[in-house]
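Notes follow once the structure below has been shown.
The values are calculated or read from the model by the stated rules, or taken from the named source; none is laboratory data. Note that the coordinates shown come from a computational prediction; the quantities given were computed from them, not determined experimentally. Here Cβ is always computed from backbone atoms with ideal geometry, including for glycine, and neighbour counts include all displayed protein chains. For the accessible areas, the whole protein counts, side chains as well, though only heavy atoms, and no ligand, DNA or RNA atoms are used. Shrake-Rupley method; radii C 1.70, N 1.55, O 1.52, S 1.80 Å.
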Amino acid sequence: MSLIYVIMGVSGSGKTTVGKALAEQLGFPFLDADDFHPQQNIAKMQAGKALNDTDRQPWLEQLNLELRKHKDTGVVLACSALKAAYRELLEKDIKIHWTHLQGDFELIQARMQLRSHFMPAALLQSQFDALEPLEQGLTLDIDSEIEFLVNMIRARYETKGPAHWGIVGMGVMGQSLALNAVDSKIRTAVYNRIAPGEELVIAKMLSKYTNPKLYGYTDWKEFTDKLTLPRKILLMIPAGKAIDAVIEELMPFLSPGDCIVDGGNSHFSDTESRIKKLQKLDIEYLGMGVSGGEEGARVGPAMMPGGSKIAYKALEPILKKIAAKDPKGNACVGYLGGGGCGHLVKTVHNGIEYAEMQLLAELYALIGLTDLPRAEFAALFKQWNSGETASYLMSIMPSILDKKEGDSYLVDLILDEAAHKGTGAWTAHTALDYGQDASIISTALNMRYHSTAQWFRDLAKPKNRKLNIVLNFEQLINGYQAARILNHLQGLRLIKAVSDAKDWQVDLAEVTRIWTDGCIIKSHLIEQLHQQLKENPNQLEAWCFAQYQQYSEALKVAVNTGISNDLALPVFSAALQFGLAINDPETTANIIQAQRDFFGAHTYKRKDKDREQNFHTDWTKP
Ligand code: 6PG
């Protein structure tokens, strides 16, 4: 096992800073290759001239001799080592752990202009020209925290180094995130409790995945001892009391400055209280929505963090590595703001998801009215998964609709009672608490409730749905699109309302960017909304309204078709009603105000008078 580390890269890439930090952690001496240049080399560089191979040869030979002196005790050297031939000279008769720090020309140039060094910034181009990429070893992007770079180097070359982070709770999501992280070369310690039925979770995981960067524990001390400081611990356990219980158990093993991240679907107000409580104990707490299900967690989820910015910054390099990538290649994760905003955003994401799912279910029911052979349904949904109506949820419909068990379609055998875990209800509650109209989302939730109201359903008579009516499928999909636009508008308005009330300053453009990939509601529409919010943040309503109007007639036709065929289309209808309401400058609230004033003297305001003034009328007086 070699103990010689060389950090290479062009001048200004941060080799010295990273090398020194690495040497300090390893307890090794640090050598800076610049200190070994013969005087004539320094003079040449100061004169603005690039060194050639002949100039560098004696310097590299000298460095090789220096490295040999430390080969049994360890050393870290920062050296440009730009060419393969130079690296060969350095590695003569010894084995080196190579790390190349690479970065953009512009970034490095800007850094060089800020420092004082005998190498003028003007020589940087010659360094880039000479640079031959490292063939074997580790190449790291310099646009990361020093601590992260050092950890990555240790993870690459040590077999038993500390873990970059820990994950508590090895359910499906916890395991998938852990495997995603180790795939990205992030050393990950995982913890699962010993509880009835869970005794072998860690043992089985470690025997199934024999990755040397994965460490498993069932003991808090061993788990927390394995983590680099400040500890970064992601909780992937059920929301609610379990989170508080685990925090309580963890606390005796934590140090000030350690970071805890709740990656479950917690209520944002619980996250807010935990932030406050843990702040007093010097623990940085982050509430982070994680979307994408098992598959997303394994290959790249969308993550919505809010709370301690310090915790986010400590976790950022890891999160960026494991996240899905947006269409521009940026990670689908980003700090959203303080307090519980990350969990609020995830909750509303799920609310939007409920309505998206119900709209697809209603679309399926509408098609069921026509004479389209059942075997062709999947193809129709497949065709709709393109252009404006493309989405992850649309993309899974063909597989769902085509799945057979014997001669039957599996969906026909599934009991039509929908379950839920609470986030849809929280979205609806939050909308009510903050005076927002989330009728589309609430209706989708109500239909899940209705589906389980068996006594109601027992009273209803079975219907023969196959009516062979003729439907214009293009119109149908346009009506569906109209409803989706308003669903997203309601969700985004709700996030903004809560963020404004709490002064979280959540940026909807960033929220929608994070949602462009990895999450359940990723879609072409989300990409359009992101573009719109980025370019015209104050025009969200106007844009959605204009989009909606293109298809509003189609939505009317869809809803009318349902009504005239006794088919309930609650979410299509809720969207249409919301659309009709926002398209009307007048409301019926004048009658409500009159009624309130009649029976309760609650007073009213007048259109023809100052809005500050309140009026009361004795309505019974002739
Ligand atoms: C996701 C999902 C995920 C899960 C929810 C919804 O974004 O990956 O939203 O969080 O599907 O728990 O579940 P329910 O439908 O059971 O409420």
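For the range 128-212, which fully contained helices (runs of 4 or more DSSP H) count at least 1 residues that are open to solvent by 30 Å² or more (accessible area, probe 1.4 Å) and of a type in the set (K, R)? Steps first, please.
Working: elements: 146-157, 172-183, 201-208.
The qualifying helices (runs of 4 or more DSSP H) are 146-157, 201-208.
Somewhere in the range 414-424, is a residue more than 26 Å from the chain's Cα centre (by Cα), open to solvent by less than 60 Å² (accessible area, probe 1.4 Å), of a type in the set (D, E, K, R) and within 16 Å of the ligand (Cβ to nearest atom)? No, the range 414-424 has no match at all.
Inside the range 301-327, can you point out the residues that are of a type outside the set (A, V, I, L, M, F, W, C), part of a helix (DSSP H, G or I) and open to solvent by 20 Å² or more (accessible area, probe 1.4 Å)? Reasoning before the result, please.
Of the range 301-327, the ones of a type outside the set (A, V, I, L, M, F, W, C) are 301, 305-309, 312-313, 316-317, 320-321, 325-327.
Restricting the remaining residues to those that are part of a helix (DSSP H, G or I) gives 309, 312-313, 316-317, 320-321.
Across the range 301-327, the qualifying residues are K309, K313, E316, K320, K321.
Restricting attention to the range 588-622, the residues that are more than 30 Å from F545 (Cα to Cα), open to solvent by 50 Å² or more (accessible area, probe 1.4 Å) and not charged (D, E, K, R) total 11. Of all residues assigned to the range 32-45, at least one qualifies as being assigned by TED's automatic domain parsing to the domain that holds E66 and in contact with a strand residue (DSSP E or B) (Cβ under 7 Å, 6 or more places away or on another chain). Taking the criterion of being surrounded by fewer than 13 Cβ atoms within 10 Å (Cβ to Cβ) and either within 16 Å of the ligand (Cβ to nearest atom) or part of a helix (DSSP H, G or I) (or both), the residues of the range 245-272 that qualify are A245, E248, E249, P252. Here A85, A78 are screened, and the one residue that is under 21 Å from E135 (Cα atoms), open to solvent by 40 Å² or more (accessible area, probe 1.4 Å) and among the aliphatic types (A, V, I, L, M) is A85. Within the range 126-137, residues that are in contact (Cβ under 8 Å) with a residue 60 or more places away in the chain sit with their Cβ atoms under 8 Å from residues that are open to solvent by 30 Å² or more (accessible area, probe 1.4 Å), at 6+ positions apart or across chains, in these pairs: S126/A50; Q127/A50; F128/F105; A130/A50; A130/K83; L131/K83.
For the range 357-432, which helices (runs of 4 or more DSSP H) that fit wholly inside it have 2 or more residues that are in contact (Cβ under 8 Å) with a residue 24 or more places away in the chain? Give the derivation first.
Details: elements: 377-384, 392-402, 410-413.
It comes to 377-384, 392-402.
Taking the criterion of being within 16 Å of the ligand (Cβ to nearest atom), open to solvent by 20 Å² or more (accessible area, probe 1.4 Å) and over 19 Å from L344 (Cα atoms), the residues of the range 274-300 that qualify are E294, E295, R298, V299.
Mind counting the residues in the range 1-39 that are in a loop (DSSP other than H, G, I, E, B) and open to solvent by 30 Å² or more (accessible area, probe 1.4 Å)?
Adding up the residues that qualify gives 6.
Is at least one residue of the range 349-372 open to solvent by 40 Å² or more (accessible area, probe 1.4 Å), away from the ligand (no atom under 16 Å from the Cβ) and at pLDDT below 95? For the range 349-372, residues open to solvent by 40 Å² or more (accessible area, probe 1.4 Å), away from the ligand (no atom under 16 Å from the Cβ) and at pLDDT below 95: present.
Of the helices (runs of 4 or more DSSP H) lying entirely inside the range 473-587, those carrying at least 1 residues that are within 16 Å of the ligand (Cβ to nearest atom) and either at pLDDT 95 or above or open to solvent by 10 Å² or more (accessible area, probe 1.4 Å) (or both) are 473-502, 508-514, 524-535, 570-582.
Suppose we filter the range 425-444 for residues that are open to solvent by less than 20 Å² (accessible area, probe 1.4 Å) and within 13 Å of the ligand (Cβ to nearest atom); how many remain?
Initially, the range 425-444 is screened for residues open to solvent by less than 20 Å² (accessible area, probe 1.4 Å), giving 425, 427-428, 430-431, 438, 440-441, 444.
Still in the running and within 13 Å of the ligand (Cβ to nearest atom): 425, 427-428, 441, 444.
The total comes to 5.
Among residues of the range 31-57 that are closer than 20 Å to L77 by Cα, those with a Cβ under 8 angstrom from a residue that is open to solvent by 50 Å² or more (accessible area, probe 1.4 Å) and of a type in the set (D, E, K, R), sequence gap 6+ or separate chain, pair up as L51/K44; D55/K44.
Mind checking which residues of the range 321-356 are free of Cβ contacts under 8 Å to residues at least 60 places away in the same chain and either within 14 Å of the chain's Cα centre (by Cα) or outside the structural domain of E295 (by TED's automatic domain parsing) (or both)? Correct list: G329, A331, Y335. Are any of the residues in the range 215-226 assigned by TED's automatic domain parsing to the domain that holds E316, over 25 Å from S266 (Cα atoms), in contact (Cβ under 8 Å) with a residue 60 or more places away in the chain and not small (G, A, S)? Yes: one or more hits.
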